[in-house]
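The values are calculated or read from the model by the stated rules, or taken from the named source; none is laboratory data. Remember, it's a predicted structure, so these values are computed and weren't measured experimentally. Here the Cβ positions follow ideal geometry from the backbone for every residue, glycine too, while neighbour counts run over all protein chains shown. The area values use the complete protein model at the heavy-atom level, side chains included, leaving out ligands, DNA and RNA. Shrake-Rupley method; radii C 1.70, N 1.55, O 1.52, S 1.80 Å.
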Amino acid sequence: MEEKDTPEINSSSKATLIFFMLVTLSFLIIAFAGHLITINWGINPAQLLPTSFFYLWLAIAIGVILLVYLKAESIGLYEKFTPYIWGNKRLIGRTFLIIALLGIFVIFRFEAHLLGNGYIRISNFAQRSKPVFRWFEFGGTFIPYILYQILNAVGIAKETAAEWGYQIVSFISGIAFAAILLSIAEIISKEIRKRFHFVLLILVTGLSLSFFGAVEVYSLLLPLAALFVLYLIKLFKEKSHKYLLILWIITVAGLFINLQFITAIPAALYATICYRRRFKGGLSQIGLTLAFSSIIIGALIVYLMAGNSIAIEKNILFFSGKSPEINYGLFSLHHVIDIINLLILMMPLVPVFFMLKFGIMRNYAKDNILVAIHILAAAQFAYLFILDPRIGMAREIFTMEYLLSGMIFLCGYILFGENGSKILPLKYTAIIAPVSFVLILPALAVHLSSSLAVASLDNFLIYNETKYEPALLAMRDYYYLKGNYSEADRREQLINPRAKGVFESQLVNDLYANERVDEAFAYATRLVERDPYNATYRMQLGNLLKHFRKYSEARREFETAIELDPYRADLYHFLSELYREIKMETECLKVLQTAEKVDPENPTILVDLAGYYYRAGIFNRADFYAEQAIQIDKGRAHAYMYKGLISEKNGNSKRALEYYYKFLELGERFPEVTFIQKRINEIELQERGVIP
């Protein structure tokens, strides 16, 4: 039965007029505003379309909006399909919907993984003997890894298996998300059309990008967010203890997938307080206070921890900018415009959403569901706002999607929940989903088309020069895996002239190699001052400080580098070298054992361990690690040196000579050459019966 307009709406057309003005404004922003501002990565997808496609899209968009204007009173979309979703044919309809969505996700899946750290994720599985599972995203990495292992075990190449491991999780997440949306829609409204439009509206937001085969760790967060909202609503509607328990189980599961799900805790706390009050009428002031206090206290704790941890400091924004982007702070114009770009990319009708949000304010005291979802959205947005998009927000879309899911669910609930018609009648709100779909098409086309995605990234780099290195590396990896080696090489060659600090970092190495140590030290110091969060720069400065025998300062630089990037084995190598040099062998072993856990097949660390055990006189262990290093990398000169020394000590002079000569062949410039040459001379003299 169609919902009747309220007297409030009938008495004034002001809200309707504002609504249509904002729809028109949203269209104009998407179609033309990309030319008006420099920072426009979320606003400009339409301008990146080929000219013919742009005009085709423009005609379709204008046609849909005109249809809205002219037929708003009578338009009744998708009426023929509703029985297959909510009626007696729902099994057939929903099965077809799931299959259709899966087909869309697979057919139009990402081929270029330029968003997020896609190629780093692939290499983490395919190129490391022990993949990195960061504690704050453990589940989001571990589940794709299980699929990778299965695919690789049946003969699929490592890189392909790694890619598909993530993509299968992405596809499944999309199907699960859609299925949960159907359940949410069913409980927020008794009217079938409202349910249908709720589902369609959420599906045509930027959240759907994660379901087209995204190679990232965040895809599973979206169905969990939907499940959280589902049981949040069920708890308030049915007031059952089991739903409160399920709500907290979902929260724990979300935290297992990714730490971002900590933003669900304030809403869960509010729901818990309301349950303890037995859902007495009106808002829970204690619940509100606890929920919003937890958001504020959480942010304060993060900033306090940042004072003692450069790794945390690296990933959050401050009022003033940080090196190397001193103009990118919390409330800087660049950051604010980035947020606006993100909002428009994710929700093309974001101006309409804010109109609806403020229009529903009077109903907050009557609707605890609205309050709880709003708390979720506020906590997520606070997390998003302080997060430093290290590789650029345009490439961090997957990172940000979950953090905008609460806002998008809030929009859907405001429009199609119990109080939706108090702002606009259904005949108007029902057209939001199709208009939103038309307006988001350019963004979907740009990000899902490899050539357009590359063009978009090139455009982004024009005004984000500090993001050159990770972006060019991602494009290099894309072209390399596609077999376009010349373009992959060209992209890599662009890093030195374009990426700030890369040329100077190489210069530090060259100057040091040519014994121009003072100049190398000056460059290394400036690099760390320019970008204190770069682990490589810290490592270089640490090595130069070690050269000048400033061991405590060098140690501090190495430890800071490891804190910034704890999964790089070379950083542990240099710290162990420092401990070896100052005769702190116990500390040296501890560092090397940690490095072995991080990367158990790293030949440099294996050689370091061989060296430690040789110095300690534990020759069988030294021989074991040297042999392991040779099996992995036959070019490791020092592994042959240790094998030779151990063979000589075991009385096998002939074998020792073979290893020594191999060492000289591979490491003719190493400082140990003089010593090994002396050992060779002594052995050969002994074999001739001449005692030196």
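Residue by residue through the stretch 153-174, note down the ones that are open to solvent by less than 40 Å² (accessible area, probe 1.4 Å) and either more than 30 Å from LEU91 (Cβ to Cβ) or of a type in the set (Val, Ile, Thr) (or both). ALA161, ALA162, GLY165, TYR166, VAL169, listed by residue number. Among residues that are open to solvent by 10 Å² or more (accessible area, probe 1.4 Å) and either farther than 26 Å from THR272 by Cβ or in contact (Cβ under 8 Å) with a residue 40 or more places away in the chain (or both), PHE198 is not included. Counting only residues that are closer than 24 Å to TYR479 by Cβ and without any contact (Cβ under 8 Å) to a residue 60 or more places away in the chain, which one in the stretch 132-151 is surrounded by the fewest Cβ atoms within 10 Å (Cβ to Cβ)? Filtering first and then ranking leaves LEU151.
Taking the stretch 618-627 as the search range and keeping residues that are without any contact (Cβ under 8 Å) to a residue 24 or more places away in the chain and not in a loop (DSSP other than H, G, I, E, B), which one is farthest from the chain's Cα centre (by Cα)? Per the criteria, the residue is ASN620. Hey, among the residues in the stretch 363-404 that are more than 23 Å from ALA453 (Cβ to Cβ) and among the hydroxyl-bearing types (Ser, Thr, Tyr), which one's least open to solvent (accessible area, probe 1.4 Å)? Across the stretch 363-404, the extreme among qualifying residues is TYR364. Taken over the stretch 647-692, the residue count meeting the criterion of being part of a helix (DSSP H, G or I) and either touching a Phe, Trp or Tyr at 6+ places or on another chain (Cβ under 8 Å) or open to solvent by less than 80 Å² (accessible area, probe 1.4 Å) (or both) is 22. Within the stretch 430-452, the set of residues being under 16 Å from ILE60 (Cα atoms) and surrounded by fewer than 21 Cβ atoms within 10 Å (Cβ to Cβ) comprises PRO434, PHE437, VAL438, LEU441, LEU444, ALA445.
Each row is one residue, and each column tells you yes or no for (1) part of a helix (DSSP H, G or I); (2) over 35 Å from the mean Cα position of the chain (by Cα); (3) basic (Lys, Arg); (4) under 27 Å from HIS334 (Cα atoms).
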| site | (1), (2), (3), (4) |
| --- | --- |
| ILE18 | yes, yes, no, no |
| LEU25 | yes, no, no, yes |
| ILE29 | yes, no, no, yes |
| GLY34 | yes, no, no, yes |
| ILE37 | no, no, no, yes |
| GLN47 | yes, no, no, yes |
| PHE54 | yes, no, no, no |
| ALA61 | yes, no, no, no |
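Within the set of pairs 6+ apart or on separate chains, which have a first residue in the stretch 668-689 that is in contact (Cβ under 8 Å) with a residue 12 or more places away in the chain, a second that is surrounded by 14 or more Cβ atoms within 10 Å (Cβ to Cβ) and among the acidic types (Asp, Glu), and C-beta atoms under 8 Å apart? Listed by first residue and then by second, the contacts come to ARG679/GLU648; ILE683/GLU648. Residue pairs whose Cβ atoms lie under 7 Å apart, separated by 6 or more positions or on different chains, with the first residue in the stretch 481-500 and among the small types (Gly, Ala, Ser) and the second open to solvent by 100 Å² or more (accessible area, probe 1.4 Å), are ALA488/TYR480. For the stretch 589-601, a residue qualifies if it is part of a helix (DSSP H, G or I) and of a type outside the set (A, V, I, L, M, F, W, C), and the qualifying residues are LYS590, GLN593, THR594, GLU596, LYS597.
Residues that are closer than 13 Å to PRO45 by Cβ and not basic (Lys, Arg) do occur in the stretch 460-477, at least one of them. Against the test of being of a type outside the set (A, V, I, L, M, F, W, C) and under 26 Å from ASP599 (Cα atoms), the options THR536, THR525 yield a single qualifying residue, THR536. Of all residues in the stretch 460-510, those satisfying the criterion of being of a type in the set (Ser, Thr, Tyr) and in contact with a helix residue (DSSP H, G or I) (Cβ under 8 Å, 6 or more places away or on another chain) are TYR468, TYR478, TYR479, TYR480, TYR485, SER505. Restricting the first member to the stretch 84-104 and to residues that are free of Cβ contacts under 8 Å to residues at least 60 places away in the same chain, and the second to residues that are buried (at least 16 other Cβ atoms within 10 Å of the Cβ) and among the hydrophobic types (A, V, I, L, M, F, W, C), the beta-carbon pairs closer than 6 Å and six or more apart or on different chains are GLY93/ILE85.
Taking each residue of the stretch 579-598 that is more than 19 Å from LYS550 (Cβ to Cβ) and looking for partners that are among the acidic types (Asp, Glu) with beta-carbon atoms closer than 7 Å, six or more apart or interchain, yields LEU592/ASP608. Just so you know, in the stretch 520-553 the residues that are in contact (Cβ under 8 Å) with a residue 40 or more places away in the chain and more than 18 Å from ARG568 (Cβ to Cβ) include one that is surrounded by the most Cβ atoms within 10 Å (Cβ to Cβ), and it is ARG530.
Among the residues making up the stretch 479-535, those that are within 30 Å of SER450 (Cβ to Cβ) and among the β-branched types (Val, Ile, Thr) are ILE495, VAL502. Of all residues in the stretch 458-472, exactly one satisfies the criterion of being under 19 Å from GLU111 (Cα atoms) and either free of Cβ contacts under 8 Å to residues at least 24 places away in the same chain or open to solvent by 50 Å² or more (accessible area, probe 1.4 Å) (or both), namely ASP458.
Just for the stretch 104-127: of the residues that are open to solvent by 60 Å² or more (accessible area, probe 1.4 Å) and out of contact with any helix residue (DSSP H, G or I) (no Cβ under 6 Å at 6 or more places or on another chain), which one is nearest to ALA445 (Cα to Cα)? Only one residue tops the list, namely ARG109. Report yes if some residue within the stretch 628-645 is among the aromatic types (Phe, Trp, Tyr), open to solvent by 50 Å² or more (accessible area, probe 1.4 Å) and either touching a helix residue (DSSP H, G or I) at 6+ places or on another chain (Cβ under 9 Å) or in a loop (DSSP other than H, G, I, E, B) (or both); otherwise report no. No - not one qualifying residue is present in the stretch 628-645. Taken together, THR586, THR604 contain a single residue that is β-branched (Val, Ile, Thr), open to solvent by 20 Å² or more (accessible area, probe 1.4 Å), assigned to a helix (DSSP H, G or I) and within 26 Å of ILE120 (Cβ to Cβ), which is THR604.
Scanning the stretch 480-490 for residues that are in a helix (DSSP H, G or I) and either under 23 Å from ASP531 (Cα atoms) or modelled with pLDDT under 90 (or both) turns up just one, LEU481. Of all the listed residues (ASN509, ASN459, ASN496), the sole one being within 23 Å of the chain's Cα centre (by Cα), assigned to a helix (DSSP H, G or I) and polar (S, T, N, Q) is ASN459.
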